[in-house]
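The values are calculated or read from the model by the stated rules, or taken from the named source; none is laboratory data. None of these values were measured; they are calculated from a predicted model. Glycine also receives a Cβ, built like all others from the backbone with ideal geometry; neighbour counts cover every protein chain displayed.
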Amino acid sequence: MNVNRTTRCFTLALLAFALVFTLPADATKVKELCEIQGARSNMLKGTGVVVGLSGTGDSASVAIQALKRMHERMGFDIDNLGDLASKNVAVVTVTATLPAYAKEGTRMDVRVQSVGDAKSLEGGTLMEAYLYGPGQSETVYAVAQGAVSVGGFNADVSGGSTVRQNHTTVGRVPMGAYVEREVPATITDGYRIVLLLKRPDFGNASTIAKAIDAELGDNLAEITGAGSIRINLPDHAHDNLFPFIAEVQDVSVQVDAPTRVVLNERTGTIVVGGNVMIKPCQVAHGSLTIKIAVTPNVSMPLSFTDADPVITEGVDIDVEEQEAHFMPVEGTSATEVAEALNKLRVTPRDMISIFQALREAGALDADLELM
């Protein structure tokens, strides 16, 4: 009895050992590496008006004209444009990316950018804005509206000075647009579909094609270049195309995983992927800071005269340049990269410049994406 129990436990241990070492390591789905040709995103654009600003809006007349048109759409008749003079309004461009197969009612993020002399979009609300397709398209694909998030602030302090954090004339409206019209897409000619690699590479294309053949049947996948793989549709897929595409996208592949560093210069945010690698290199970074202080000087007139006081401004310029020393930097994981870069003791904005320089020098093995 004890022997059987020991044998059974030993057998289960062997099975567990075999399962652990037969599971694919760092396997990636085809859908994470490839897109279907014809199923692409589309760029949308439009113009709009942001209201509710605290005196930081546009001073140009175009903002008043835009506000007048907005009131007319809402049923208000404005005869005198002087009645609309307000710096609580800003004219903006509105942009968004329409995902493939997005149906009517789908929500998506939009981005707004000031086109006038507005100082800040902080606290503003984007009023109803229509988003059109590329070129001179007059078709409305989405409608956007909602509160604007800028990720920063502007503050006025005494003496005419201002305090500013991040870029406040560009913002986002999270989930602020509703899709009104679907973009038609054709993904097959009835006999085949084409996979487009997000990062063209002959080695990865070959590996993906072999994995699809091994999973779904021989001679289905054919490499047509470093960035494309043609999939011949089997007989059963002609009437069940979308389930077949789902099977193709769900195939696991062991390839070099894409690495990415995402930079947001507006907010100074940096996100480093887990597989980012920095090759051994030496980095020196120093920042130059120029401080200009204006001090009013008042010269009083002589006694018993009618002369007015004379006010002049004294300008003090202070230039500071931090010392920069070469620092060895390298890392094979997000943790090691963070530890190496933290030794430089620089701000997030300086870190963004360093990442760009590392990429140009060939030391950063990752893609840079700017938000």
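Looking only at region 26-38, decide whether some residue is β-branched (Val, Ile, Thr), modelled with pLDDT of 70 or more, within 25 Å of residue 179 (Cβ to Cβ) and part of a strand (DSSP E or B). Lay out the reasoning, then the answer.
Filtering region 26-38 down to residues β-branched (Val, Ile, Thr) leaves 28, 30, 36.
Within this subset, residues satisfying the condition of being modelled with pLDDT of 70 or more are 28, 30, 36.
With the extra rule that they be within 25 Å of residue 179 (Cβ to Cβ), the set shrinks to 36.
Add one more test, that the residue is part of a strand (DSSP E or B), and what stays is 36.
Scanning region 26-38 turns up at least one residue that is β-branched (Val, Ile, Thr), modelled with pLDDT of 70 or more, within 25 Å of residue 179 (Cβ to Cβ) and part of a strand (DSSP E or B).
Consider residue 179 carefully, then state whether it is surrounded by 14 or more Cβ atoms within 10 Å (Cβ to Cβ) and either within 21 Å of residue 63 (Cβ to Cβ) or modelled with pLDDT under 90 (or both). Give the derivation first.
On the way: surrounded by 14 or more Cβ atoms within 10 Å (Cβ to Cβ): yes; either within 21 Å of residue 63 (Cβ to Cβ) or modelled with pLDDT under 90 (or both): no.
No: the conditions fail for residue 179.
Every residue in region 231-253 that is assigned to a strand (DSSP E or B), touching a helix residue (DSSP H, G or I) at 6+ places or on another chain (Cβ under 9 Å) and not hydroxyl-bearing (Ser, Thr, Tyr), please. Let's see the steps before the verdict.
First pass over region 231-253, keeping only residues assigned to a strand (DSSP E or B): 231-232, 252-253.
Pick out the ones that are also touching a helix residue (DSSP H, G or I) at 6+ places or on another chain (Cβ under 9 Å) and you get 231, 252-253.
If the condition is that a residue be assigned to a strand (DSSP E or B), touching a helix residue (DSSP H, G or I) at 6+ places or on another chain (Cβ under 9 Å) and not hydroxyl-bearing (Ser, Thr, Tyr), then 231, 253 are the ones that fit.
Test residue 341 against the criterion of being modelled with pLDDT of 70 or more, under 14 Å from residue 279 (Cα atoms) and either acidic (Asp, Glu) or out of contact with any Pro (no Cβ under 6 Å at 6 or more places or on another chain) (or both), and give yes or no.
Taking the combined requirement at face value, the residue does not satisfy it.
With respect to residue 243, determine if the residue is surrounded by fewer than 12 Cβ atoms within 10 Å (Cβ to Cβ) and at pLDDT 85 or above. Spell out the reasoning first.
Numbers: surrounded by fewer than 12 Cβ atoms within 10 Å (Cβ to Cβ): yes; at pLDDT 85 or above: yes.
When the stated conditions are applied, residue 243 passes them.
If residue 110 satisfies every condition in (1) over 18 Å from the mean Cα position of the chain (by Cα); (2) surrounded by 17 or more Cβ atoms within 10 Å (Cβ to Cβ) but one, which is the exception?
The single condition residue 110 does not satisfy is (1).
Within region 133-154, does at least one residue satisfy the condition of being closer than 21 Å to residue 51 by Cβ, at pLDDT below 85 and surrounded by fewer than 16 Cβ atoms within 10 Å (Cβ to Cβ)?
yes
For the subset of region 55-70 comprising residues that are assigned to a helix (DSSP H, G or I) and of a type in the set (Val, Ile, Thr), which member is farthest from the chain's Cα centre (by Cα)?
64
It is to be established whether one or more residues within region 95-111 are without any contact (Cβ under 8 Å) to a residue 60 or more places away in the chain and over 18 Å from residue 185 (Cβ atoms).
The answer is yes, given that some residue of region 95-111 is without any contact (Cβ under 8 Å) to a residue 60 or more places away in the chain and over 18 Å from residue 185 (Cβ atoms).
Looking at this structure, is residue 96 assigned by TED's automatic domain parsing to the domain that holds residue 61, farther than 26 Å from residue 352 by Cβ and modelled with pLDDT of 90 or more? Steps first, please.
Details: assigned by TED's automatic domain parsing to the domain that holds residue 61: yes; farther than 26 Å from residue 352 by Cβ: no; modelled with pLDDT of 90 or more: yes.
No, not satisfied.
Suppose we keep only residues that are at pLDDT 90 or above and surrounded by fewer than 17 Cβ atoms within 10 Å (Cβ to Cβ) within region 113-127. Which one would you say is farthest from residue 59 (Cα to Cα)?
Applying the filter and picking the extreme gives 125.
Within region 211-229, is there a residue that is outside any strand (DSSP E or B) and within 25 Å of the chain's Cα centre (by Cα)? Write out each step before concluding.
First, the residues of region 211-229 that are outside any strand (DSSP E or B): 211-220, 226-227.
Narrowing the set further to residues that are within 25 Å of the chain's Cα centre (by Cα) leaves 227.
Yes; the residues of region 211-229 include at least one that is outside any strand (DSSP E or B) and within 25 Å of the chain's Cα centre (by Cα).
Are any residues in region 200-223 exposed (fewer than 14 other Cβ atoms within 10 Å of the Cβ) and in contact with a Pro (Cβ under 8 Å, 6 or more places away or on another chain), and if so, which ones?
Answer for region 200-223, where residues must be exposed (fewer than 14 other Cβ atoms within 10 Å of the Cβ) and in contact with a Pro (Cβ under 8 Å, 6 or more places away or on another chain): just 217.
In region 94-106, how many residues are assigned to a strand (DSSP E or B) and surrounded by 15 or more Cβ atoms within 10 Å (Cβ to Cβ)? Talk me through it step by step, then tell me what you get.
First, pick out the residues of region 94-106 that are assigned to a strand (DSSP E or B): 94-98.
Pick out the ones that are also surrounded by 15 or more Cβ atoms within 10 Å (Cβ to Cβ) and you get 94-96, 98.
Qualifying residue count for the region: 4.
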